[in-house]
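Everything on this sheet refers to the single structure shown next.
The values are calculated or read from the model by the stated rules, or taken from the named source; none is laboratory data. In this text, all values refer to a predicted model and were calculated from it rather than measured experimentally. Neighbour counts are summed over all protein chains in view; Cβ atoms, including those assigned to glycine, are modelled from backbone coordinates with ideal geometry. With ligands, DNA and RNA removed, areas are computed over all heavy atoms of the protein, side chains included. Shrake-Rupley method; radii C 1.70, N 1.55, O 1.52, S 1.80 Å.
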Amino acid sequence: MTNLTLYYTPGTCAQAVRIALEEAGAPYELVRVDFAAAQQRTPEYLAINPKGRVPALATPHGTLTETPALLAYVAQSFPAARLAPADAHGFARLQEFHSYLASTVHIAHAHRPRASRWAEEPEAQAAIQRKVPQNMTECFNLIESHYLGDGPWVMGEQYTVADGYLFTIGTWLKSDGVDIAQFPKVLAHTQRMLQRPAVQRALA
């Protein structure tokens, strides 16, 4: 019986949550939110997520929003899948990485497609957008040097929900004018992710 519903839009960080659900073997339904038709601004969707964004995950206990929260919920709801470290320090490191992706990397990317959030004037928006390749490069240089070690995954030998999150944001680099090949560890991580059946199902 399905008791989870993921509200998503292709190409957004909702993909990370979909990957997590697939990895967990969770029963869930998908509801696509059509951004092109401004469906995220309709009263019906705003009743689900007043922020007017995706992802949102309807659970038996209520609806959750924000990607890091949804990933933690999936990992802790399906512990047998081992999608998060079991120890306090490891889980905090996972949350540290998720917080960096959400609060810094995602925002750096958003300045390109959503420049109007930060400036009204066209010339100001253009200036904001010109900084995106530099800022995203700096973000991924940090991920490459600080967060990806010798193990195959973000948390080392253990695959976690952080991997789907990094993979998802990494797919935005090309549209931001950044060549992922300059980050060998990130590129290798992406290639490993594409080989996982759960990721293939989520992308299908």
Subset of the range 128-156 (residues that are at pLDDT 95 or above, within 16 Å of Thr190 (Cα to Cα) and among the charged types (D, E, K, R)): Glu144
query: Does the range 111-158 hold any residues that are open to solvent by 30 Å² or more (accessible area, probe 1.4 Å), assigned to a loop (DSSP other than H, G, I, E, B) and out of contact with any Gly (no Cβ under 7 Å at 6 or more places or on another chain), and which are they?
result: His111, Arg112, Pro113, Arg114, Trp118, Glu120, Glu121, Lys131, Asp150, Pro152
message: Looking only at the range 35-59, filter to residues that are among the small types (Gly, Ala, Ser) and open to solvent by 60 Å² or more (accessible area, probe 1.4 Å); which one of those is nearest to Ala69 (Cα to Cα)?
response: Ala47
query: Within the range 63-110, can you find the residues that are assigned to a helix (DSSP H, G or I), without any contact (Cβ under 8 Å) to a residue 40 or more places away in the chain and in contact with a strand residue (DSSP E or B) (Cβ under 7 Å, 6 or more places away or on another chain)?
result: Tyr73
- request: Any chance you could count how many residues in the range 175-204 are part of a helix (DSSP H, G or I) and closer than 16 Å to Ile107 by Cα?
  value: 2
- prompt: Regarding Glu96, is this residue closer than 16 Å to Phe167 by Cα and among the acidic types (Asp, Glu)?
  reply: no
- request: Scan the range 33-55 and give yes if some residue there is touching a Phe, Trp or Tyr at 6+ places or on another chain (Cβ under 8 Å) and assigned to a strand (DSSP E or B), otherwise no.
  value: no
message: Considering only residues that are over 21 Å from Ser103 (Cα atoms) and surrounded by fewer than 16 Cβ atoms within 10 Å (Cβ to Cβ), which ones fall in the range 10-34?
response: Gly25, Pro27, Glu29, Leu30, Val31, Arg32, Asp34
task: Kindly indicate which of Leu194, Leu203 is out of contact with any Asp or Glu (no Cβ under 6 Å at 6 or more places or on another chain), open to solvent by 50 Å² or more (accessible area, probe 1.4 Å), in contact (Cβ under 8 Å) with a residue 60 or more places away in the chain and not polar (S, T, N, Q).
output: Leu203
Any chance Glu22 is more than 24 Å from Leu194 (Cα to Cα) and either among the hydrophobic types (A, V, I, L, M, F, W, C) or modelled with pLDDT of 95 or more (or both): no
